[in-house]
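The values are calculated or read from the model by the stated rules, or taken from the named source; none is laboratory data. None of the values given here were measured: they were computed from a predicted structure. Reconstructed Cβ throughout: ideal geometry from the backbone, glycine too, with neighbour counts over all protein chains shown. For the accessible areas, the whole protein counts, side chains as well, though only heavy atoms, and no ligand, DNA or RNA atoms are used. Shrake-Rupley method; radii C 1.70, N 1.55, O 1.52, S 1.80 Å.
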Amino acid sequence: MLRRYLALTHARNMEFLRDRASLGWNLLFPLVLVAGLAIIFGGPPRALFKVAVIGAGDPVQVSAHPFLTTRYTDFFALPADGEDAAVAKVGRHRLDMLIDLRQPARYWVNPESPKGYVLERLLAAAGGPSLTAGTVPGKPIRYIDFLLPGILGMNMMFSCLWGVGYVVVRYRKSGFLKRLNATPVRPIEFILAQLTSRLLLIMGITLVVYVGTDWVIGFRMEGSYVLLATVTTLGALAMIAMGFVVAAFVTSEELAGGILNVLSWPMMLLSGVWFSMEGTQPWLQQLAQLFPLTHLVGGARAVMLDGAGWVELAPQLLTLAAMTLVFLAIGARIFRWRAD
């Protein structure tokens with residue numbers, strides 16, 4: 001019994017070690033993940049306060065007012081036409097203070113914000129030209145309200161990528177696709193059938209999770225449920241199609257797992273699932289735009305937290321639709337029935 005056990009263990013180890021691609025992914029992926037986290041969270045300490053400034057130049061000139069020399073505060077320039085949007089952010093506790101140094105000089109804080117209270121006291125103590133106070137009342141957005149679209153999107157991402165990419169590779173390795181190739185079924189028909197099946201399953205599961213958790217906790221919902229469902233559906237389609245690009249040509253389950261990890265982990269970290277990408281390095285924000293999860297989570301949050309409409313979400317909707325078509329075209333083009 002022991003000899004058989006050792007022989008099987010040795011055979012499985014050699015099978016894995018001889019798969020150079022899988023071995024490479026398992027060695028390279030942790031290094032890439034650690035390096036990515038170091039880039040995102042490394043660097044100097046983050047600012048405690050976030051303050052938008054109008055009328056002090058771009059970048060903000062600290063000589064415009066003594067308050068602008070306050071340490072550990074992120075002062076960033078805002079164009080004049082961005083005032084209304086910034087005032088709304090102050091009301092939702094997404095911005096700690098807004099300062100307009102044009103005459104008459106003004107500032108806005110949320111009276112219910114602890115950070116706004118501290119900044120108002122610091123502004124008064126800084127001296128310099130006086131500013132007219134303005135308040136923007138509004139309830140803060142709970143972290144759970146911010147987090148919900150990200151959690152649901154992350155769950156959809158894993159289900160879409162692994163439920164398609166990994167399963168189809170297993171079909172190919174087991175010979176199921178080889179037998180299916182003997183039928184009149186064309187690759188695009190097989191792909192569309194798998195896409196429809198996965199979409200129905202993931203949308204049903206997401207609906208149950210959302211309704212159940214909303215019944216227990218009660219989430220913020222400012223926009224249209226129809227628009228939210230549209231964003232969610234297009235996001236799921238784009239990620240399912242992305243999974244098919246992997247499933248179209250990979251023959252090893254280990255390699256498929258490595259590639260899917262390399263796709264899913266950067267998406268989970270850079271798509272705003274756990275935290276906002278505002279304030280991170282610009283090239284990271286640009287990289288995040290390449291992921292369908294970024295547009296899904298951003299669009300869902302805009303609907304639920306800000307009450308965004310169809311016009312505001314048009315870029316996300318069009319981007320997700322375009323990603324779906326591109327991924328489907330690539331998957332159908334490179335699809336292989338056989339493992340050899």
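General remarks:
- Scope the stretch 105-116; condition open to solvent by 30 Å² or more (accessible area, probe 1.4 Å) and under 14 Å from His65 (Cα atoms); matching residues: Arg106
- Residue in the stretch 291-309 that is closer than 27 Å to Gly163 by Cβ and not in a helix (DSSP H, G or I) present: yes
- Any hit, the stretch 82-94, residues being open to solvent by less than 30 Å² (accessible area, probe 1.4 Å), of a type outside the set (Gly, Ala, Ser) and either modelled with pLDDT under 85 or within 30 Å of Arg301 (Cβ to Cβ) (or both): yes
- Whichever residue in the stretch 174-220 is outside any helix (DSSP H, G or I) and either in contact with a His (Cβ under 6 Å, 6 or more places away or on another chain) or basic (Lys, Arg) (or both) and, among such residues, is farthest from Ile151 (Cα to Cα): Arg186
- Scanning the stretch 196-208 for residues that are within 23 Å of Phe249 (Cβ to Cβ) and surrounded by 14 or more Cβ atoms within 10 Å (Cβ to Cβ) yields Arg198, Leu199.
- Residue check, Phe291 open to solvent by less than 20 Å² (accessible area, probe 1.4 Å), aromatic (Phe, Trp, Tyr) and modelled with pLDDT of 80 or more: no
- Test for Pro111: is it within 29 Å of Met304 (Cα to Cα), in a loop (DSSP other than H, G, I, E, B) and in contact with a strand residue (DSSP E or B) (Cβ under 7 Å, 6 or more places away or on another chain): yes
- Single condition Leu119 does not satisfy, out of (1) of a type outside the set (Asp, Glu); (2) out of contact with any strand residue (DSSP E or B) (no Cβ under 8 Å at 6 or more places or on another chain); (3) part of a helix (DSSP H, G or I); (4) surrounded by 15 or more Cβ atoms within 10 Å (Cβ to Cβ): (2)
- Considering the conditions (1) touching a helix residue (DSSP H, G or I) at 6+ places or on another chain (Cβ under 8 Å); (2) surrounded by fewer than 19 Cβ atoms within 10 Å (Cβ to Cβ); (3) at pLDDT 80 or above, Tyr225 is excluded by exactly one of them, (1).
- The sole residue among Ala126, Ala193, Ala182, Ala133 that is in contact with a strand residue (DSSP E or B) (Cβ under 7 Å, 6 or more places away or on another chain), exposed (fewer than 15 other Cβ atoms within 10 Å of the Cβ) and among the small types (Gly, Ala, Ser) is Ala133.
- Of all residues making up the stretch 94-108, the number that are assigned to a strand (DSSP E or B) and either under 16 Å from Thr73 (Cβ atoms) or not acidic (Asp, Glu) (or both): 6
- Sole exception among (1) open to solvent by less than 60 Å² (accessible area, probe 1.4 Å); (2) modelled with pLDDT under 90; (3) within 15 Å of Ala241 (Cα to Cα) for Leu305, by number: (3)
- Residue list for the stretch 226-264, filter: hydroxyl-bearing (Ser, Thr, Tyr) and under 20 Å from the mean Cα position of the chain (by Cα): Thr230, Thr232, Thr233, Ser264
- Scanning the stretch 270-282 for residues that are assigned to a helix (DSSP H, G or I) and either buried (at least 20 other Cβ atoms within 10 Å of the Cβ) or modelled with pLDDT of 80 or more (or both) turns up just one, Leu270.
- Qualifying residue in the stretch 322-337 (condition: at pLDDT 85 or above and either within 26 Å of Ile144 (Cα to Cα) or open to solvent by less than 20 Å² (accessible area, probe 1.4 Å) (or both)): yes
- Pairs meeting the criteria (first residue in the stretch 147-166 and modelled with pLDDT of 80 or more, second residue not in a helix (DSSP H, G or I), beta carbons under 7 Å, at least 6 apart or on different chains) are Leu148/Phe219; Gly150/Gly272; Gly150/Val273; Gly150/Trp274; Gly153/Val273; Met154/Val273.
- Flag if Gly163 is in contact with a Lys or Arg (Cβ under 7 Å, 6 or more places away or on another chain), assigned to a strand (DSSP E or B) and not acidic (Asp, Glu): no
- Close pairs from the stretch 43-58: first closer than 17 Å to Val109 by Cβ and at pLDDT below 80, partner part of a strand (DSSP E or B) and among the hydrophobic types (A, V, I, L, M, F, W, C), Cβ under 9 Å, at least 6 apart: Ala47/Phe75
- Looking only at the stretch 46-81, residues that are within 16 Å of Leu123 (Cβ to Cβ), open to solvent by 60 Å² or more (accessible area, probe 1.4 Å) and either among the hydroxyl-bearing types (Ser, Thr, Tyr) or assigned to a loop (DSSP other than H, G, I, E, B) (or both) come to 4 in all.
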